[in-house]
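These notes concern the structure reproduced below.
The values are calculated or read from the model by the stated rules, or taken from the named source; none is laboratory data. Remember, predicted model here, so these are calculated numbers, not experimental data. Every residue, glycine as well, gets a Cβ built from its backbone with ideal geometry; the counts of neighbours run over all protein chains shown.
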Amino acid sequence: MLSVSNLHATVGETEILKGLSIDVPAGEVHAIMGPNGAGKSTLSYVLTGRPGYEVTSGTVTLDGEDLLPMAPNERAAKGLFLSFQYPLEIPGVPALTFIRTALNAQLKARGEPEIAAPAFLRLARAKAAELKIDFEMLKRALNVGFSGGEKKRMEIFQMAMLSPRFLILDETDSGLDIDALRIVSDGVNALRSPERAMLVITHYQRLLDYIKPDRVHVLAGGRIVASGGPELALELERDGYDKYARAA
Amino acid sequence: MAAVKQTVEHVASLEKYKHGFVTDIEQDFAPKGLNADIVRFISAKKNEPQWMLDWRLDAFERWLAMDEPDWAKVSFPRIDYQDSHYYAAPKEKVGINSLDEVDPDILETYKKLGIPLREQEVLAGVIGSPRYAVDAVFDSVSVVTTFKKELAQVGVIFCSMSEAIREHPELVKQYLGSVVPVSDNYFACLNAAVFSDGSFVYVPPGVRCPMELSTYFRINAENSGQFERTLIIADRQAYVSYLEGCTAPMRDENQLHAAVVELVTMDDAEIKYSTVQNWYPGDPETGKGGIYNFVTKRADCRGDRSKVSWTQVETGSSITWKYPSCILRGEGSSGEFYSIAITNGRQQADTGTKMIHLGANTRSRIISKGISAGKSSNTYRGLVSAHPKAKGARNFTQCDSLLIGKHCAAHTVPYIEARNGHSKFEHEATTTRLSEDQLFYAMQRGLSQEEAVQLLVNGFVKEVLQELPMEFAVEAQKLVAISLEGSVG
Amino acid sequence: MSVAAALKARNASALPSRRDEDWRWTDLRGLIRVLPEPSAPFNGIVVKGAFDRLADDHRVLVNGGVTRIEVAADRKAAVALRLIARGAGTHANQVIVSLAAGARLRLLETYESDGGSLAHTALTIALAEGAALERVVLAADHEDAVTISQAQVTLAPTADYGQTLLSSGARRQRLETRVAHPGGRASLRLDGVYVLAGKRHTDHTSVVTHQGLDGTTAQLTKGVVRDQARAVFQGKIIVSEGADHTDARMGHHALILSDRAEVDAKPELEIYADDVACAHGNTVGALDEDALFYACQRGIPEDEARAMLTEAFIGQVVDRIWFEDARKVARAWAAERLRA
């Protein structure tokens, strides 16, 4: 599904990704773990096309389609969704308005009919209930004045509403207490399906107790330095990243 | 309410200016008044070369054609520029070689002020304690500069301006007036004509000045003004931290202090300039006497990634008119301004900064804390501007004012001029008074009113105090406390 | 000399210039060397105004005139006031508004021009105790026009005054509001929105003087400038000695969306009383790039995301308009200007 090959990327004048390759087939969940500064967040921004993150060589394809020439919204319309480590506050724009605008823009880009207001509201109510989000909160400006946990839940809510095909979760567990973590993970797991794939970026193994990965990769020094099954995450939890940081 | 009222009263009753004594020594004066002959007199006293005299005379001509500025929120009777001595010096010769030649009364003066002029006194301090070199300016002349030899070993020039004109004319010619042009403003122009002494610092490429440099300005003579001129140049990748302190005796007449300070930083250089200004503020009841502190301070960040940081603690002077500024010319250069301005009695302060963003990706930060008490007036006036080429310019400004008592005033007058779509300016300002609740809370825990006020005010100014070099921060904190005793602010 | 006096004396050299502190960024003397001839009386037909439908009392001044708007005690009124310039002449308007105790007024004011006119409007607005006035000003001038509007507002204790200026600029456009605030639980809201393009200029200047105990002022101005446009915001809050318990807050926030646009701001506080809570905030900058990327990542095309974010930015001021129908007009105006 997602295929990244020998990816090099710079931020400003600094090269952060130095030949990163990874393949995530449809239906699978892959975890990317690594020490601070390894390039984990950079990878999520490069995949989603954030301005200022420049790809100098390498390829990124989703179902064989080249993502790199596409604008961020075009990639989103292809089904790429990033759950931000630090979700932005959007003053003056109610969450529902924002999500509906996004959903319709994606549908339009895919040549599908836009969703009507009643259907949209029904869907929003249902998803909000599943994620234990107060519906009133969705009428407020997106993320403005929300707690860290509420913002993360709002990311998962948007994910559920937009139903993307490829999900990137960037440090989604940070700032969550155990109850919130369970709600968020349930939301993510609900989206697991043979047509979808996920990349779970995390520093700690904790999240992987809730969102079980098929494969675990270690990112250090801008490239994947080791890959393995779920047991690799446990090893990292026990032994730390020293071994890999040195290798990088 | 009662607590604040009592504190205000208590505080007003305290004696506060500790540096108001007079040193009784014989002095040389220029005759009172100002004309071209006085300018020649000053130049001759300093054995200046012809080019320097010409420069002064040109400035004097221009000054005659200028008008005193009236836009600041300060008011004072017209200054009679003919009723002052423009040169006053202790009757010892200029250019003393060792401390033993300095008038013992002057040494005693500095000792009383707590300024170490004997290098061994500094060296004899606690091992590992930071050392600092001092240039001591007494009225119109520099009486001694310490640690010159040690500084010369690493190539740092630290001397009086008079000496620099004689010994380093090329550097002086190149930089003097290049940041603050002769006719920049009325007081700067007057200074250019009659400036007496001040400090000169040159730090060569790649050198990190091994100690703090400082100049201690003392006005002693009656009916005289002080017109010092300071020039600091940090060449490529150089660093220097410099501090000035100022005091004067308590006198009934107003004395004029019109200084000019020019800073130049080349690529990757940094200058940290700190001021603790405690000129005599005048009588708190009648407003009689005190220093008119009309000062032009400006830094030119010429080099890429160069940096200038101004920190000031302004507690003295009857009138302060002062805007230490940064011209951010080099790409990625940055300017900072941290200020505490405290006014009490009848003091008036109109002070702030200008951050002129000319180069791309330039940054500036302004933190201003004004405290007004008594019948004083305290104004923050600042300008932040971004030129069309200053893409990526950033400024953050925080201006807070604290009022203590019913008859004082606090003003905030920021000017913001943004001329491109890639810069970001943020400005926040608040005006409040000392919180009753906080005062009560502190007193309930056992602090006296005075201690509680000090504690809260110290909290209010902390962000700025911590920008001062360690050894001066302690002194500045004491000074704030003393001013608080006498002003709760 | 005031603008009104200079126009009356037909003396261009007496117009304010950048040497006058209050006019440093809106220089009339440097701009106008010769005053245009006085406007001829207009006898043509005037098309409908933006607020006509929202008011039952319509006042139309074309090329100068005087009108009085009086609302008796405890009565309600809605007035659409149109100040129209036809052609390229000079003229002056005078508007006198008074509200008796407990009276309520919606004053919906428009400035309309179609060429290089020079128009001055002097308004005096007085509110007695318990009176409430909402003034919504839509300054939709021609790009060649010079429009100066100066309002002097006097409030009595417990009066309630709300104002929103909506302006798209002109060759020079100055909307000035001076308020004498007595405290005494009188409350004041002074808001403004500007959306500028081309070489248009607008200047929102206000001076609020708190003269007594217990007054509140809430001020919020937001604007967007593009192309080579220039916006000026000068806001001054004065708290006189004895005006304790004043709560005054001022915000000015501007977005610059091009390389050559300019925003000049001077948010000023002048405080002579200690028991007050006064604050101002000012930001000038580009649209938040992070927010823009966030919206794009969710699938919203960049242009649409920009429009959405700028409309939301402006919308926070528009939402403060009390009168819902006027709010709708304002919102539609902002959307149209932003998407133009």
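Quick notes on this structure:
- Note on region C:9-30: residues that are more than 18 Å from C:Thr205 (Cβ to Cβ) and outside any loop (DSSP other than H, G, I, E, B) amount to 3.
- Flag if A:Ala76 is modelled with pLDDT of 90 or more and within 9 Å of chain C (Cβ to nearest Cβ): yes
- Each residue in region B:254-304 was checked for being crowded, with 24+ Cβ neighbours inside 10 Å and at positive phi, and 2 of them qualify.
- Search result, residues across region A:13-32 that are out of contact with any strand residue (DSSP E or B) (no Cβ under 6 Å at 6 or more places or on another chain) and either part of a loop (DSSP other than H, G, I, E, B) or closer than 16 Å to A:Leu207 by Cα (or both): A:Glu13, A:Pro25, A:Gly27
- Whenever a residue of region C:278-301 is more than 18 Å from B:Ala429 (Cβ to Cβ) and within 10 Å of chain B (Cβ to nearest Cβ), its partners that are among the hydroxyl-bearing types (Ser, Thr, Tyr) and part of a helix (DSSP H, G or I), lying with C-beta atoms within less than 8 angstrom and at least six residues away or across chains, give the pairs C:Leu287/C:Thr310.
- For beta carbons closer than 7 Å, sequence separation of 6+ or different chains, a first residue in region A:62-89 that is in contact (Cβ under 8 Å) with a residue 12 or more places away in the chain and a second that is surrounded by fewer than 17 Cβ atoms within 10 Å (Cβ to Cβ) and part of a loop (DSSP other than H, G, I, E, B), the qualifying pairs are A:Ala77/A:Arg110; A:Gln85/A:Ser174; A:Glu89/A:Val144.
Yes/no matrix, rows are residues, columns are (1) surrounded by 21 or more Cβ atoms within 10 Å (Cβ to Cβ); (2) within 21 Å of B:Ser43 (Cα to Cα):
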{"residue": "B:Glu170", "(1), (2)": "no, yes"}
{"residue": "B:Ala188", "(1), (2)": "yes, yes"}
{"residue": "B:Ala193", "(1), (2)": "yes, yes"}
{"residue": "B:Gly206", "(1), (2)": "no, no"}
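- Meets criteria (touching a Gly at 6+ places or on another chain (Cβ under 7 Å), modelled with pLDDT of 80 or more and surrounded by fewer than 22 Cβ atoms within 10 Å (Cβ to Cβ)) for B:Glu417: no
- Hits in region C:255-279 - residues which are assigned to a strand (DSSP E or B) and farther than 20 Å from C:Asp214 by Cβ: C:Leu255, C:Ile256, C:Glu262, C:Val263, C:Asp264, C:Ala265, C:Lys266, C:Pro267, C:Glu268
- Subset of region A:137-150 [within 13 Å of another protein chain (Cβ to nearest Cβ) and in contact with a Gly (Cβ under 8 Å, 6 or more places away or on another chain)]: A:Ala141
- Region A:40-56, subset out of contact with any helix residue (DSSP H, G or I) (no Cβ under 9 Å at 6 or more places or on another chain) and of a type outside the set (A, V, I, L, M, F, W, C), residue farthest from the other protein chains (Cβ to nearest Cβ): A:Thr56
- Looking only at residues in region B:219-250 that are touching a Leu at 6+ places or on another chain (Cβ under 7 Å) and modelled with pLDDT under 85, the one that is farthest from B:Leu151 (Cα to Cα) is B:Gly225.
The rows are residues; the columns are (1) of a type in the set (Ser, Thr, Tyr); (2) within 17 Å of the chain's Cα centre (by Cα); (3) in a helix (DSSP H, G or I).
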residue	(1), (2), (3)
A:Pro69	no, no, no
A:Tyr86	yes, yes, no
A:Pro91	no, no, no
A:Ile99	no, yes, yes
A:Ala102	no, yes, yes
A:Glu112	no, no, no
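- Selection count, region C:144-190, where residues are over 17 Å from the mean Cα position of the chain (by Cα) and either of a type in the set (D, E, K, R) or crowded, with 24+ Cβ neighbours inside 10 Å (or both): 7
- Out of B:Val453, B:Val384, B:Val461, one residue alone is at pLDDT 95 or above and either crowded, with 24+ Cβ neighbours inside 10 Å or over 27 Å from the mean Cα position of the chain (by Cα) (or both). It is B:Val384.
- Residue count, region B:420-445 (criterion: in a strand (DSSP E or B), among the polar types (S, T, N, Q) and either buried (at least 19 other Cβ atoms within 10 Å of the Cβ) or on the phi > 0 side of the Ramachandran plot (or both)): 1
- So C:Ala243, is it outside any strand (DSSP E or B), more than 14 Å from chain A (Cβ to nearest Cβ) and in contact with a His (Cβ under 6 Å, 6 or more places away or on another chain): yes
- Any hit, region B:337-349, residues being among the hydrophobic types (A, V, I, L, M, F, W, C), surrounded by fewer than 20 Cβ atoms within 10 Å (Cβ to Cβ) and without any contact (Cβ under 8 Å) to a residue 40 or more places away in the chain: no
- Selection from region B:402-414 of residues that are facing another protein chain (nearest Cβ under 7 Å), part of a strand (DSSP E or B) and crowded, with 24+ Cβ neighbours inside 10 Å: B:Leu403, B:Ile404, B:Ala410, B:Thr412, B:Pro414
- Region A:189-248, residues that are closer than 21 Å to A:Phe157 by Cα and of a type in the set (Gly, Ala, Ser): A:Ala190, A:Ser193, A:Ala197
- Among the residues of region A:152-197, those identified as of a type in the set (Val, Ile, Thr) and either in contact (Cβ under 8 Å) with a residue 12 or more places away in the chain or touching a strand residue (DSSP E or B) at 6+ places or on another chain (Cβ under 6 Å) (or both) are A:Ile156, A:Ile168, A:Thr172, A:Ile183, A:Val184, A:Val188.
- Qualifying residue in region C:256-271 (condition: surrounded by fewer than 24 Cβ atoms within 10 Å (Cβ to Cβ), more than 8 Å from every other protein chain (Cβ to nearest Cβ) and of a type outside the set (A, V, I, L, M)): no
- Which listed residue is under 25 Å from the mean Cα position of the chain (by Cα), of a type in the set (S, T, N, Q) and more than 9 Å from chain C (Cβ to nearest Cβ), from B:Gln438, B:Gln398: B:Gln398
- Looking at A:Val188, A:Val184, just one residue is touching a Ser or Thr at 6+ places or on another chain (Cβ under 7 Å), farther than 27 Å from A:Arg246 by Cα and either among the β-branched types (Val, Ile, Thr) or within 14 Å of chain C (Cβ to nearest Cβ) (or both), and that residue is A:Val184.
- Odd one out for A:Thr101 among (1) in contact with a helix residue (DSSP H, G or I) (Cβ under 9 Å, 6 or more places away or on another chain); (2) away from chain C (no Cβ under 12 Å); (3) among the β-branched types (Val, Ile, Thr); (4) more than 24 Å from A:Ser174 (Cα to Cα): (2)
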